[in-house]
Structure formats: C-alpha cells, structure tokens
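For reference, the structure is listed below as structure tokens.
The values are calculated or read from the model by the stated rules, or taken from the named source; none is laboratory data. As the structure is a computational prediction, the values presented were derived from the model and not from experiment. Note that we place each Cβ from the backbone using ideal geometry, even for glycine, and neighbour counts take in every protein chain shown. Quick note on the areas: whole protein, heavy atoms, side chains included, nothing else; ligands and nucleic acids left out. Shrake-Rupley method; radii C 1.70, N 1.55, O 1.52, S 1.80 Å.
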Amino acid sequence: MNKNILIVPGDGIGQEVTAVGKRVLDRIAEKFGHAFTYDEALIGHVAIEATGSPLPDETLAKMKASDAVLFGAVGHPKYDNDPSAKVRPEQGLLKMRKELGLYANLRPIKLFDELLGASSIRPEILRGADILFFRELTGDIYFGEKGRKNDGATAYDVAEYSRHEVERIARKAFEAARTRRKKLCSVDKANVLETSRLWREVIQKVALEYPDVEVEYQFVDATAMLLIKDPKKFDVVVTANLFGDILTDEASQIAGSMGMLASASIGDGTGVYEPIHGSAHDITGKGVANPLASILSAALLLDISFGLKAEADAVIAAVDAVLKAGYRTRDIADAHTPQEKILGTSAMGDQVIANL
Ligand code: IPM
Ligand code: MG
C-alpha cells in the first residue's frame, strides 16, 4: 500500500513522541511491505513563532492533501497565565478540527494488564475495564459565539448543537457499539441544559435504528463518579465536546497514565491521530516522555484510515510485549515493582520496534 502521512509534531513533547510514532510506522511499512512517504508541518506555538499563525495555510493544505496525519500536541506555558493573548497555540488545533470536519474523536480507554498497579485506582475495580469514548469535536461551547460585554466585565461562551451534529456522532457511536459489547451510554446534562435535551432527543431517535444496542443515559456529574466507582460498567460512551474533554482526562487514569492514551479524530476527510496528553513543557527536552500514546495513535491510524487491521494489531501486541518484559517510562512505573526497567522516550521506542 502506498500512502503519504503528514507528521505534525506541534509543541513540547509532541516533537519527541511523534518522532517515535513515525519510526514505528516505518518499521510496519518495512515488515508488511508498504510504502509510506512523509512530510512535516508546523502547528501551535512553533507555528506562531515561525509564521505568526497557529495554523499556517501551508499546514492546512498539506493536511488536506495527505492520507492521514500523525499529530503531537499544542500549547505553551507562556500563554496559560496570559488571558489577554489574542493569538494562542490551541486556536490552531481547534481550527484544524473545524476545517478538516473532524467531528468524531475516538478515545479508547484500555488497560494493559501489566499496568494494573500503575493506576491510583484499585486493581480489582480496574481489571477488565475497556471503554471507547466518542467525543463530539467540532461543536458545543468550544465553537459557539464568545465574547465580552459591559465594558469587559462580563464574558460569555455559547454552547450550541444542531440535530445534524448530534445525529452523525450518534451513528458512529452506535456502529462501534455493534462491534463491541453492544452497550452505549450517552452522557449529557439534560436536567439543566437545552443543548443536552436536544442531544438526548436525537440519541433516542437514532437508537430506534439500533434495537440490538442497549442504551443508557447518564448525567455528566454522575458519570464522573461512576467512571472511578465502576469503570467496567461502560462500553461505548458518546458525549459532547466539553464533557468529553473532561471525562477522558479522568478516564485516562483507568489506563494508568495520560501517557498511554491515543485518539483518532475522524470525519469528512483526512483523519488525525494524536495522544490525548498535552505538550507537557515541564518534561520537554528531557527525553523522558512516554511515547506509547503516539505509538498507539499510529496503530489507530493504520487501522482506521488505512484499514490495516493486522498491522495495527501488531503494534498493539508489541506494546503489550514490551510492558510484559517490564519496560516502563517514568509515568507508568510502579514503585512496588522493583524489577521494572525505566526507559526514556527513544529507548522505549527501540523496544517496541525490536518487538516488531
Ligand atoms: C484535548 C485538549 C484540547 C481540547 C486543548 C489543547 C484545546 O485538551 O484535545 O483534549 O480541549 O480539546
Ligand atoms: Mg483535553
């Protein structure tokens, strides 16, 4: 198979982890006889520094022209405590999602058995947890009208959803539930929000087309509690943009660390694959970041954008083997297991590649 993949490392540890993800893709191409060609482009803080824009036109054009994008992270601490900054790295990410029509963000929460001890949640509660989140990605309070009024003394962000937006993500989530344990949990705040009432109405309607899928409705606050109390009860979860952002960071603890979680953003055109973690400037340049989320994002890319299921499974099996052999990055180390071998970013990549 001939494919061109755009590498968009972005900021902070995005550079270090996508470099490893790309090496794993290269190894897969070699092993399975594919020809992957690569290009690279800027986004986020590094793009602002180089061009003034967090998503240069050239990057967007390259994304649209590529078969898939392997993405790192965006963000820089200098903006976090500067609420008045007009140009921000995250604007690049949001514009990319909108421009590429990436309305469905898949975040699989799967615990590798070897990491049972790395989580702060008790192993007997975690064992067997396997959740697939569908986070809506191009609507909600992220993209509604926002601004200031009363001479800047009052601020607002409008949350908005149309039937069409809910329907298309609902269908993707129901289809996925069909291939899994056939359970779907729709998360909203329908006791308070009008957007959530529309959300629930649409899910109820789409559910009629999937009588084989068992549907449950939960409020977002209760879901935050249930994820920790009984993560095994969830199979597929579908939710709005902001709720999904928050719940998936929480759910990352079910997988042991944010450093383990991959995501796929899909929709109308090119798919984008990225870790759910951020740019992590506190550890940038130290060579200690966990590359497994980027490697597992590469696996999602192979599976979803290229339909290369065997190749994707090979990557996941290699990660599993490396963990079984006791290799860990710092973030997934378990103080109670002294026989673990702690590796840096690149060495962890070497181990996964050696297992391929
Ligand atoms: C994510 C991130 C982004 C989001 C930020 C960086 C804008 O937290 O992808 O989850 O809120 O969507
Ligand atoms: Mg987030």
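Tabulated values for the structure
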{"item": "Options I316, I304; residue that is closer than 21 Å to A173 by Cα, open to solvent by 30 Å² or more (accessible area, probe 1.4 Å) and hydrophobic (A, V, I, L, M, F, W, C)", "result": "I304"}
{"item": "Which listed residue is outside any strand (DSSP E or B), more than 19 Å from I276 (Cβ to Cβ) and either free of Cβ contacts under 8 Å to residues at least 40 places away in the same chain or within 16 Å of ligand 1 (Cβ to nearest atom) (or both), from E114, E124", "result": "E124"}
{"item": "Complete set of residues in segment 132-164 that are among the aliphatic types (A, V, I, L, M), crowded, with 16+ Cβ neighbours inside 10 Å and away from ligand 2 (no atom under 16 Å from the Cβ)", "result": "L132, A159"}
{"item": "Search result, residues across segment 101-111 that are open to solvent by less than 30 Å² (accessible area, probe 1.4 Å) and more than 15 Å from T138 (Cα to Cα)", "result": "R107, I109, L111"}
{"item": "Cβ pairs under 8 Å, 6+ apart, first in segment 328-354 and under 10 Å from V20 (Cβ atoms) and in the same structural domain as P291 (by TED's automatic domain parsing), second modelled with pLDDT of 95 or more and of a type in the set (D, E)", "result": "T345/E16; S346/E16"}
{"item": "Wholly enclosed helices (runs of 4 or more DSSP H) of segment 230-324 bearing at least 3 residues more than 16 Å from ligand 1 (Cβ to nearest atom)", "result": "292-300, 309-324"}
{"item": "Residue match in segment 189-202 (condition: open to solvent by 70 Å² or more (accessible area, probe 1.4 Å) and closer than 30 Å to A68 by Cα)", "result": "no"}
{"item": "Residue satisfying all of: in segment 234-246; in contact with a Phe, Trp or Tyr (Cβ under 7 Å, 6 or more places away or on another chain) and within 11 Å of ligand 2 (Cβ to nearest atom); nearest to I109 (Cα to Cα) among these", "result": "G244"}
{"item": "Qualifying helices (runs of 4 or more DSSP H) (wholly inside segment 43-93; at least 2 residues being modelled with pLDDT of 95 or more, within 20 Å of the chain's Cα centre (by Cα) and assigned by TED's automatic domain parsing to the domain that holds G12)", "result": "57-65"}
{"item": "Residue that is farthest from V8 (Cα to Cα), among those in segment 122-131 that are at pLDDT below 95 and open to solvent by 20 Å² or more (accessible area, probe 1.4 Å)", "result": "E124"}
{"item": "Boolean, K98 is within 16 Å of ligand 1 (Cβ to nearest atom), open to solvent by 60 Å² or more (accessible area, probe 1.4 Å) and either part of a helix (DSSP H, G or I) or touching a strand residue (DSSP E or B) at 6+ places or on another chain (Cβ under 8 Å) (or both)", "result": "yes"}
{"item": "Index of the failed condition, D130 passing every other in (1) away from ligand 1 (no atom under 16 Å from the Cβ); (2) over 24 Å from E274 (Cα atoms)", "result": "(2)"}
{"item": "Count of residues meeting criterion [surrounded by fewer than 21 Cβ atoms within 10 Å (Cβ to Cβ), within 16 Å of ligand 2 (Cβ to nearest atom) and over 12 Å from the mean Cα position of the chain (by Cα)] in segment 251-280", "result": "1"}
{"item": "Residues of segment 341-350 classified as surrounded by fewer than 19 Cβ atoms within 10 Å (Cβ to Cβ) and assigned to a loop (DSSP other than H, G, I, E, B), total", "result": "1"}
{"item": "Residues within segment 1-42 that are closer than 21 Å to T59 by Cβ, open to solvent by less than 60 Å² (accessible area, probe 1.4 Å) and part of a loop (DSSP other than H, G, I, E, B), tallied", "result": "4"}
